[in-house]
Amino acid sequence: MRLQIIDATAFRKTLAKSDTPLPLFQEAIREGNETLRQLFEQGESVVELVKLRVLLVDTLLIEAWKLKIPAGTDVALIAVGGYGRGELHPASDIDLLILIGDELHAQLPESLGGLLSFLWDIGLEVGHSVRTLDECTQEAQRDITIVTSLMESRLLIGPEALYQELSTATGPDRIWPSERFFETKWEEQKRRYLKYDDSISNLEPNIKESPGGLRDIQMVGWVVKRHYGAETMHDLVSHGFLTEAEYQDLMAGQEQLWRIRFALHLLTGRREDRMLFDYQRALAEQFGFRDDRQGLGVELFMQQYYRTALRLSRMNEMLLQLFQEVILLKSHLDEPRPINRHFQARSGFLEVVDEGVFKRYPLALLELFLVMQQHPELNGVRASTIRLIRSHRHLIDDKFRADLGARSLFMEIMRQPRGLTHALRWMNRYGILAHYIPAFANIVGRMQYDLFHVYTVDEHTLFLIRNLRRFAIDKHRCEFPLCNDIMEKLLKPELLYLAALFHDIAKGRGGDHSTLGARDALAFCQLHGLSYYDSQLVAWLVEKHLLMSITAQRKDISDPEVICTFAREMKTTTRLDYLYLLTIADIRATDPNKWNNWKNALLRELYHATKQALLRGLQNPQEADEIIQNKQAGARHLLESDGLDPARVNKHWLSLSLDYFLHRTWDEIAWQTRMVLTARPGELPLVVLRKSPTRGGTEILIYGEDEDALFALTTGVLDQLGLNIVSAHLETADTGLMLNSFLVLEEDGTPVEEAPRREEIQHTLRAAVNDLNPTNFQVLRRIPRQMKHFSTPTRIDFARDTSNQRTIMKLVTDDRPGLLSRVGNAFIACNVRLINAKIATIGAEAEDTFFITDRENRPLSEREQYVCLEQAIMEQLKGGP
């Protein structure tokens, strides 16, 4: 029995007997929508449900038209766009064209107004345009989106002859011939791809517009319809563009996206095509994905989506290239230019010499990418060869991987001086990388449900390799000159690329991905004939790929002990060089928008300090006293050149702790000393700002009377001003005056640049410090929408730093407005003194490290004060964001 959600015949009969049609229409819509929901939840085919909704809307529109428009009027009601194509999801646009003929009925404007009001009253929101035939033709000629919409039109009711006139007037022999139509649509797709960073793996993809989305399928349909007059997508098979298997794959991908879109519309109650974090978990649960040891259910659900999108994007690429050959080149390709016995170039693309190449010589599946690297003049791989790659991937099996020739080809690809990024992207796109390295298949399309990683793991990996390659290209030297200098000295950059390829390969497998990935990397390197030393280096880089980032952002790298410990992990400057490059490229590939000069400065400082320690010798570490003397000497030189009295400088410095000098650069010491000694008596509290010349942010100095509430108040004000605090150093001099300094960034990761903005910050801070009443201040900044969907259990850990006579407290919790201010209030409640802090925000998670003592400048007692501080922080956070 065929499904139906409205019996058109029965509805017409009931309507004919009723004097009040409005309730009948309203009830039909309500019942139809509810039936669609139930059928979807019962697992009914979404293909059928989309058609059923079209049938429902068709019936209601036609009957409403009959009620409101006089019979015989020379006007037609036409479905256009997706509705014309016969596709309606629960909240899809219902687009209509009301086409007016030559004989205009006197009552038509009033009748049309009545119709549109009636449709609104019954709950059918439509998008409509009212045009004559000439107006339609003119608008279509001017705007390709209009002619595209008209191509998919269907006559609902009205004169057939009038509709046929429209079809003829807007056909490819009149306007938008297929060649121009294809070229314009292709450019339109390129612009659309750029809008989404040319990536399928945006964290919140648009299921319709993103690369690999439904628009890619529609694009194919439009082109084949314009050129061949095709009525269905299956015509791609009859015209030789797709095999039957490929067509079925295309339709399966479309159905998968349709199911998600249908569910998204039901979930939100509106036309929503963005897979926002707000909905991803609910969608995952609806489709049966549950959390397990392999990962979160939402991550597995999104991985299925990304893999579907990748498959559709590959299909779209292949078809557009075939269309280019047939429509633009009119199948007049250049004569082939031989490259080797397996490949030849034709019209700027690489192709196999015959269809049997991969079957006779499977290693050509790898050789193809080496040839592409060696021939940069080629624009890509011909669609016919892409199809052959797809159909022969199964030949890459254990026997293939064990073949010395295959291993040699792969390593030659990794060692090529150019084209590596493109080669690996093509290998991933055509499924070769996942077949040659089976572990890589697990990370294809794998997302991480957080705000830190903005790409799927496979795309992140390829972006990382791309970043590394830029270090080897001189035209990009201006971005990271130090990285380019280091890269030039590496004897084997391919080891770095291999480490990048494997650094996240074990994500989603349970356990420590760094350790598991290191094992995979070691086995791979040994299989591919690398030396013991080289194999160990690659495996070590994979295992330690997070170490430098963690050390720089979460530890006190001004502490000689921290540098010495990190240097012992490095052992050699060679390891340090490799890890530094890998770390920079990795962070930038995680989220390019989160990279900033502050992170760059931290890593550069750690690199130079560690290199100095290694060159000095691990058995002869630099003592704190020596570091302080060097910093004071540099600062004194600057101050003397400014004409400041050395005696006043020495007196001021003697009032400060040794830690003050240890945790600041000589330039910062000189600047802060200059500000303090040149401040006028009535100017306190002093609030000054400057752009840090070395740390990539804006430095704020507050100098005045020491007050317990000052940290809580200051951080709250800076938060309310929209500034991100990345580090804080607090010092109380023997004079009872405090020097608190903060390094801050704007929300986009840049220093404070504009003078009015600096004045705003300075004025607001000075007013708050003068008032010094934290109970009157509250951070009112709103939490970004995305962050509301992530929750991090609060964790507080304490460690005793015996060598520096202090306690290190690490706080992991949800990032929220006023977090540092709340922590500052907890410090006050427990009589804790803050020395300095390192602030790290990873997506929606705050991972902040505080270096603290008691009031007597001693480490906290492990019992009473730990408990007090933990309870006070939890109480402060209890109020929520």
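Calculate, for segment 185-258, the solvent-accessible area per residue in square angstrom, rolling a 1.4 angstrom probe over the heavy atoms of the protein chains. Please list the in-between numbers first.
Values: 2940 Å² over 74 residues.
The answer is 40 Å² per residue.
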Item to check | Mean Cβ count within 10 Å, highest first, over the residues of peptides 13-26, 708-721, 218-231 | outcome: 708-721, 218-231, 13-26
Next on the checklist: Nearest 5 percent is fine: what portion of the DSSP beta bridges confined to segment 7-157 is antiparallel?
Outcome noted: 55 percent
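Provide the convex hull volume over Cα atoms per residue for segment 499-622, in Å³.
Numbers: hull volume 13.5 nm³, N = 124.
Convex hull volume per residue, Cα atoms: 108 Å³.
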Checklist entry - Which whole-angstrom value gives the distance between the alpha carbon centres of segment 547-564 and segment 293-357? => result 46 Å
Checklist entry - In degrees from 0 to 90, rounded to the nearest 10, what is the angle of the helix 21-41 Cα long axis to the longest principal axis of the chain? => result 60 degrees
Item to check | Using θ = phi - 60° and Karplus 6.51 cos²θ - 1.76 cosθ + 1.60, couplings along segment 810-823 (whole Hz; Gly, Pro as x) | outcome: 10, 10, 10, 6, 5, 5, 7, x, x, 4, 5, 5, 5, 5
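I'd like the carbon and sulfur percentage of the solvent accessible area for the chain, probe radius 1.4 Å, heavy atoms only, ligands and nucleic acids excluded. Please list the in-between numbers first.
Working: 18850 of 38360 Å².
Carbon and sulfur: 49 percent of the exposed surface of the chain.
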Next on the checklist: Based on the alpha-carbon set only, what is the convex hull volume of segment 430-518 divided per residue, in Å³?
Outcome noted: 125 Å³
Checklist outcome for this item: Rounded to one decimal in nm, the spacing of the 7 Å Cα→Cβ label points at R757 and D292 is 4.8 nm
Checklist entry - Which log10 I(q)/I(0) values, to two decimals, does segment 259-317 give at q = 0.13, 0.16, 0.18, 0.21 Å⁻¹ under the Debye formula with one point per Cα? => result -0.36, -0.54, -0.66, -0.84
Next on the checklist: Can you tell me how segment 433-482 classifies by the Cα gyration tensor, rounded, prolate or oblate, using a/c under 1.5 as the rounded cut?
Outcome noted: oblate
Item to check | Cys with no candidate disulfide partner in the chain (beta-carbon separation under 4.7 Å rule) | outcome: C136, C478, C483, C525, C564
Checklist entry - Over all distinct Cα pairs, what is the inverse of the mean 1/r for segment 592-744, reported as the Kirkwood hydrodynamic radius in Å? => result 16.9 Å
Next on the checklist: If every alpha-carbon in segment 208-334 counts as one equal scatterer, what log10 I(q)/I(0) does Debye give at q = 0.11, 0.17, 0.22 1/Å?
Outcome noted: -0.46, -0.89, -1.24
Checklist entry - Given Cα pairs under 8 Å that are at least 6 residues apart, what percent is the relative contact order of the chain? => result 7 percent
Checklist outcome for this item: By the C-alpha gyration tensor axes a ≥ b ≥ c (rounded if a/c is under 1.5, else prolate when a/b exceeds b/c, else oblate), the shape of segment 16-110 is oblate
Checklist outcome for this item: Residues meeting the amide H criterion for D854 (H placed from the backbone, H to H distance under 5 Å, 5 or more places apart or on another chain) are R833, L860
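Starting from the Kirkwood radius over alpha-carbon pairs of segment 355-457, derive D by Stokes-Einstein at 4 °C in a medium of 1.567 mPa s and give it in µm² s⁻¹.
The diffusion coefficient I find is 89 µm²/s.
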Next on the checklist: From Cα pairs below 8 angstrom and at least 6 apart in sequence, can you work out the relative contact order of segment 159-278, rounded to a whole percent?
Outcome noted: 24 percent
Checklist outcome for this item: Expressed in angstrom and rounded, the centroid-to-centroid distance over alpha carbons for segment 135-183 and segment 224-276 is 22 Å
Checklist outcome for this item: The computed P(r) of segment 86-141 puts the percent of Cα pairs beyond 18 Å at 46 percent
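Using the Kirkwood radius over C-alpha pairs as Rh, can you work out the diffusion coefficient of segment 280-406 via Stokes-Einstein at 10 °C, viscosity 1.306 mPa s, in µm² per second? The partial results should precede the final answer.
Working: Rh = 17.2 Å.
D, rounded to a whole number, is 92 µm²/s.
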Item to check | Whole-number accessible area per residue in Å² for segment 473-516, which is evaluated in the context of all protein chains at 1.4 Å | outcome: 43 Å²
Checklist entry - Using θ = phi - 60° and the Karplus curve 6.51 cos²θ - 1.76 cosθ + 1.60, what whole-Hz ³J(HN,Hα) does each residue of segment 430-439 get, with Gly and Pro shown as x? => result 8, x, 6, 4, 5, 7, 6, 10, x, 5
Checklist entry - With r defined as the distance between the Cβ atoms of W653 and T574 and R0 fixed at 41 Å, what FRET efficiency is calculated, to the nearest 0.05? => result 0.55
Item to check | Cα pair distances exceeding 15 angstrom across segment 54-126, given as percent | outcome: 54 percent
Next on the checklist: Strictly over 22 Å apart at the Cα level, which of K571/K599; K489/K611; K208/K330; K631/K691; K555/K651 would you flag in this model?
Outcome noted: K571/K599; K208/K330; K555/K651
Checklist outcome for this item: Regression test value, accessible area per residue of segment 318-386, probe 1.4 Å, units Å², expected 43 Å²
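Using a simple charge model, +1 on the beta-carbon of Lys and Arg, -1 on the beta-carbon of Asp and Glu, nothing else, what dipole does the chain show about its Cα centre, in debye to the nearest 20?
On the way: 105 positive and 122 negative charges, 386 e Å.
Result for the chain is approximately 1860 debye, rounded to the nearest 20.
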Next on the checklist: Using 10 Å bins from zero, what percent of all Cα-Cα pairs in segment 288-338 falls into each bin?
Outcome noted: 22, 25, 20, 15, 13, 5
Item to check | Distribution of pairwise C-alpha distances over segment 134-250, 5 Å bins, in % | outcome: 2, 10, 18, 18, 19, 16, 10, 5, 2, 0
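Assign one of three labels to segment 691-834, namely rounded, prolate or oblate, based on the Cα gyration tensor with a ≥ b ≥ c the square roots of its eigenvalues; rounded applies when a/c is under 1.5, prolate when it is not and a/b is larger than b/c, and oblate otherwise.
Details: a/c = 1.38, a/b = 1.04, b/c = 1.33.
Rounded is the answer for segment 691-834, as its axis ratio a/c remains below 1.5.
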Checklist entry - By how many degrees, between 0 and 90 and to the nearest 10, does the Cα long axis of helix 297-323 differ from the longest principal axis of the chain? => result 60 degrees
Checklist entry - Helix 666-677 versus the longest principal axis of the chain: what is the Cα-based angle in degrees, 0 to 90, to the nearest 10? => result 70 degrees
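Using the scaling law 2.2 N^0.38 Å as the reference, what is the normalised Cα Rg of the chain? Can you show the working numbers first?
On the way: Rg = 33.5 Å, N = 881, 2.2 N^0.38 = 28.9 Å.
Working it through for the chain, the quotient is 1.16.
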Next on the checklist: Contact order normalised by length for segment 451-522, with contacts defined as Cα pairs under 8 Å and 6 or more residues apart; what percent is it?
Outcome noted: 26 percent
Next on the checklist: Once each part is reduced to its C-alpha centroid, what is the distance from segment 84-103 to segment 456-529 in angstrom?
Outcome noted: 52 Å
Item to check | Intensity falloff of segment 610-658 expressed as log10 I(q)/I(0), Debye formula with alpha-carbon point scatterers, at q = 0.24, 0.26 Å⁻¹ | outcome: -0.89, -0.97
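Show that you can apply the helix-only estimate: for the chain, add -39,500 (n - 2.57) for every DSSP H stretch of four or more residues, divide by all residues, and state [θ] at 222 nm to the nearest 500.
Details: 39 runs with 476 residues, N = 881.
Taken over the chain, the calculation gives -17000 deg cm²/dmol.
The values are calculated or read from the model by the stated rules, or taken from the named source; none is laboratory data. Since we're looking at a predicted model, the values are computed, not measured. Counting neighbours? That spans all protein chains shown, and the Cβs are built from the backbone with ideal geometry, glycine included. Heavy atoms of the whole protein, side chains included, go into the accessibility calculation; ligands, DNA and RNA do not. Shrake-Rupley method; radii C 1.70, N 1.55, O 1.52, S 1.80 Å.
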